[in-house]
Structures are given as structure tokens and as C-alpha cells.
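Inspection log for the structure reproduced underneath, given as C-alpha cells.
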């Protein structure tokens, strides 16, 4: 019963996003709601929380796991569901597992995995990187950053080389950005429409900077010289996919802050505040 890792988990109350369920669990305490109440309201399915054998209430574990299927050990042992699972598990265990063996290109000996091959080639006085370059590398451009063409780090025989030399190059790559946007927004995403919206927001942003430059903290320390960026707390991307929020709202000076460039790269197109929080800040 480990922690589930997913791409993004959104708080159903304020829209803030997390990578782990335990981060969401800690966060919801700010909304004065218990984990069980939150799960019941947003995640609970029909019939969940009732014993599958006797119908009594079962124990709530956490947001990631939910409720137990059975109320007690006796109900668990009586259940036909468990018997079926045990029978299926036994059947799978008895199946012959075919292992695809991997051949060493130096001595033609076979091993059961790439990890075993990594250990084996040490007998030939050759590193994993040298072996990969000589026998497994299929593209001459592999091993060089797709964005700046600098050499990238070698990960291992299975993965080969990293595609980017650092996080900044990874986040600046247009093809990667496009994949991220398509996975987030779907096939109906129109890049030219987003670009027009993005330009409109930045026009309003520049107006806010000129008019309220003294109100924006540390504005004079933005730029490459200081290693800081001007960031929209409620992101332009979320403004676009939320039904094209008025550019004047997203570009409002209260939505602007100066943060370290590396932090901005990690943030990508996520928002640090929700739209409702931004609207409240603007009203003040």
C-alpha cells in the first residue's frame, strides 16, 4: 500500500496541483476539511466503504487507498472474491515464464537482462557507455542535447543517453512543450489561438509593469543578470484552457512576481494560485 505517483493531482477545491497524494493530503487541511470528508465528496464510488461480505462499514485508510473492502479478517476469509483471486494468482504462478535472453556482442554469451549484461561486460574491460556506443547506439545525434547540442549524460544500457543536457533546455524545447500541451489540453488545442492569447496577456502585463512597477516586489532584480524571471502566479496557459480568462486579469500586477529562473523552469505552465485567489487579490 505505497504512495501513488501520478502526473498531476488537482485539489478539487482550489485547483492547486500536486505530484503525490500525500502532498494533497497535507494541503486539504488548509480548507478545514478532513481527508475522509474530502475523499467521500470527490473520490468515493458507489458501494465503497461497505464490507463486500456483510455490508457493514469498513475502515477508511487514506486518500490514495480509500476504504478497505472488508470490515474484518473473518469476512475477508469468507469472501468468494478472495478465493477467486487466490485461484487466479495460483494459476498465473504455474504458467511458464518465457525469458528473452540478451546476447553479448563481444563473446556471444547470453544473459537474462540488460542489468546482467552491464555486469557481464566488465569481464571484457569495457564500460557500459563504451559498449552502448559500439553496439547499441543507432543514431549519431544521440548523446547530444536536442536544444543546444551539448553532450548529454549517459543513463545506462536500457535508456541510453538523456535527450537534454539540463532542465532549462528540456523546458525550452518546442517539441516537448507541444507534447506537454497536447497531453494536458487534448487534440483540440490550437497553437495559433494560444499564441494570440499569450500575446494579449503580455500586452496587458507590460502595461501593468509600466503603471505599477513600484508595487511589484523585486522587479528591478529580474533578468538573466540576476537569474530571476517575471512569473504569472495564475499561469497564462491555465488562463487559456479555463475558457480564455480576460487577459487584463491574468496580466494584472497582482498576478506578477519575480522568482528564480530555475524555479520558473520547474514550474513550467502550472499555477501557484487558483483563479478564485487571483480575483480576490485583485478586489483588495
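Sub-9 Å Cβ pairs linking a first residue in the stretch 189-206 that is over 20 Å from residue 233 (Cα atoms) to a second residue that is at pLDDT below 90 and surrounded by fewer than 13 Cβ atoms within 10 Å (Cβ to Cβ), at least 6 apart or interchain, are 189/178; 191/178, ordered by first then second residue.
Counting only helices (runs of 4 or more DSSP H) that sit wholly inside the stretch 142-223, those with at least 2 residues that are under 18 Å from residue 242 (Cβ atoms) and modelled with pLDDT of 90 or more are 191-212.
The set of residues in the stretch 225-250 that are assigned to a loop (DSSP other than H, G, I, E, B), under 26 Å from the mean Cα position of the chain (by Cα) and modelled with pLDDT of 85 or more comprises 227, 233, 234, 235, 245. Among the candidates 279, 275, 256, the residue that is surrounded by fewer than 17 Cβ atoms within 10 Å (Cβ to Cβ) and at pLDDT 85 or above is uniquely 279. For the stretch 69-99, the candidate set comprises residues that are surrounded by 16 or more Cβ atoms within 10 Å (Cβ to Cβ) and in a loop (DSSP other than H, G, I, E, B); within that set, the residue that is modelled with the lowest pLDDT is 79.
Scanning the stretch 28-43 for residues that are under 25 Å from residue 58 (Cα atoms) and either assigned to a helix (DSSP H, G or I) or touching a residue at least 12 places away in the same chain (Cβ under 8 Å) (or both) turns up 28, 29, 33, 35, 36, 37, 38, 39, 40, 41, 42, 43. In summary, residue 230 fulfils each of the numbered conditions (1) in contact with a strand residue (DSSP E or B) (Cβ under 9 Å, 6 or more places away or on another chain); (2) surrounded by 18 or more Cβ atoms within 10 Å (Cβ to Cβ); (3) under 20 Å from residue 275 (Cα atoms) with the single exception of condition (2).
The values are calculated or read from the model by the stated rules, or taken from the named source; none is laboratory data. Computed from a predicted model, the values in this text were never measured in an experiment. Methodologically, a virtual Cβ is constructed for each residue, glycine included, from the backbone with ideal geometry; neighbour enumeration extends over all protein chains shown.
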